[in-house]
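> My questions all concern the structure below.
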Amino acid sequence: MSKVMLELSGITKGYNLGKPNEIRVLNGAHLTLKAGEVVALVAPSGAGKSTLLHIAGLLDTPDAGAVAIDGADMAGKADKIRTDIRRNGVGFIYQFHHLLPEFTAAENIILPQLANGVSQAMAEARALELLDNVGIKDRADHRPAALSGGEQQRVAFCRALANEPKVLLADEPTGNLDPKTSDQVFEALMALTRETGLSALIATHNLELAARMDRVLRLENGVLVPA
Ligand code: ADP
């Protein structure tokens, strides 16, 4: 039995509760993500994908239910431990790359490692290895503005993996790219995820990409159901 890396149990989340404009986004969502598993999360816009990913990534807290990362229940943890796991246990990729514009591709991957206490030499070696894995080692010294959209997003993957997270969460990671680039970038993401044995939950509108993952879950009426 492989290890469970991310477990969501009975997650509920709503906004403006008790008011006329109440929205119940999540309504008892369950998820079990095993080690090395890559799961697609599909649902129409507004269904609550970002809300679910933010809760899984400890960027937001649920109204009820539990989040466990690598077997550790996050509810009882002190803020310092939650912050540490949010920074290092979970890698997050957004639709937009959010790279620091004044730093090079390599520096964007090195900085989070230095903040985590890794030496400059080790951080640099890992950054170049990650860039090599996604096929853009030769762009290491370019700033984000000098990279294409697909290259920027590859650097964002590398940054998300810089501190060897246990779980990768991605919110429409290829949503901003044209179909051909989206396909290539998705392949790079899958290869990198497989190479590192990472568990990933990837929200996407693209059903063709979703079908290439291990499992597809649909967010429907606030719960996750097999697609
Ligand atoms: P998705 O990522 O699937 O597009 P979201 O998780 O962003 O969906 O949003 C789910 C629903 O929750 C939407 O109706 C959205 O308007 C609402 N929502 C999200 N964040 C807030 C907030 N901070 N306050 C009020 N409503 C919100």
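> I'm trying to understand the selection: among the residues of segment 13-32, which are part of a strand (DSSP E or B) and away from the ligand (no atom under 13 Å from the Cβ)?
Once the filter is applied, which keeps residues that are part of a strand (DSSP E or B) and away from the ligand (no atom under 13 Å from the Cβ), segment 13-32 yields GLY28, HIS30, LEU31, THR32.
> If you go through segment 64-93, how many residues are in a loop (DSSP other than H, G, I, E, B) and surrounded by 14 or more Cβ atoms within 10 Å (Cβ to Cβ)?
4
> Let me ask you something else. So, GLU187, is that one farther than 17 Å from LEU6 by Cα and under 16 Å from the mean Cα position of the chain (by Cα) or not?
The answer is yes for GLU187.
> Using the structure shown, decide if ALA106 is under 26 Å from ASP84 (Cβ atoms), of a type outside the set (Phe, Trp, Tyr) and in a helix (DSSP H, G or I). Show your work before the answer.
Working: under 26 Å from ASP84 (Cβ atoms): yes; of a type outside the set (Phe, Trp, Tyr): yes; in a helix (DSSP H, G or I): yes.
The answer is yes for ALA106.
Okay, residues lined up against (1) touching a residue at least 24 places away in the same chain (Cβ under 8 Å); (2) hydrophobic (A, V, I, L, M, F, W, C):
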position: GLY10; (1), (2): yes, no
position: ASN16; (1), (2): no, no
position: ALA35; (1), (2): yes, yes
position: SER50; (1), (2): yes, no
position: PRO112; (1), (2): yes, no
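> Restricting attention to segment 161-217, report how many residues are among the hydroxyl-bearing types (Ser, Thr, Tyr), open to solvent by less than 40 Å² (accessible area, probe 1.4 Å) and either part of a helix (DSSP H, G or I) or at positive phi (or both).
Looking only at that region, the number is 3.
> Quick one: how many residues across segment 44-63 are open to solvent by less than 10 Å² (accessible area, probe 1.4 Å), hydrophobic (A, V, I, L, M, F, W, C) and either part of a loop (DSSP other than H, G, I, E, B) or more than 10 Å from the ligand (Cβ to nearest atom) (or both)?
Here the count works out to 2.
> Of the residues that sit in segment 190-208 and are modelled with pLDDT under 95 and within 16 Å of the ligand (Cβ to nearest atom), which one is farthest from the chain's Cα centre (by Cα)?
Within segment 190-208, the match that is farthest from the chain's Cα centre (by Cα) is LEU207.
> Of all residues in segment 17-36 being under 17 Å from the mean Cα position of the chain (by Cα) and surrounded by fewer than 21 Cβ atoms within 10 Å (Cβ to Cβ), which is nearest to MET213 (Cα to Cα)?
GLY36
The values are calculated or read from the model by the stated rules, or taken from the named source; none is laboratory data. What you see is a predicted model; the values in this text were computed from it and never measured. Methodologically, a virtual Cβ is constructed for each residue, glycine included, from the backbone with ideal geometry; neighbour enumeration extends over all protein chains shown. Each accessible area value is taken on the protein alone, full model and side chains, heavy atoms only, with ligands, DNA and RNA left out. Shrake-Rupley method; radii C 1.70, N 1.55, O 1.52, S 1.80 Å.
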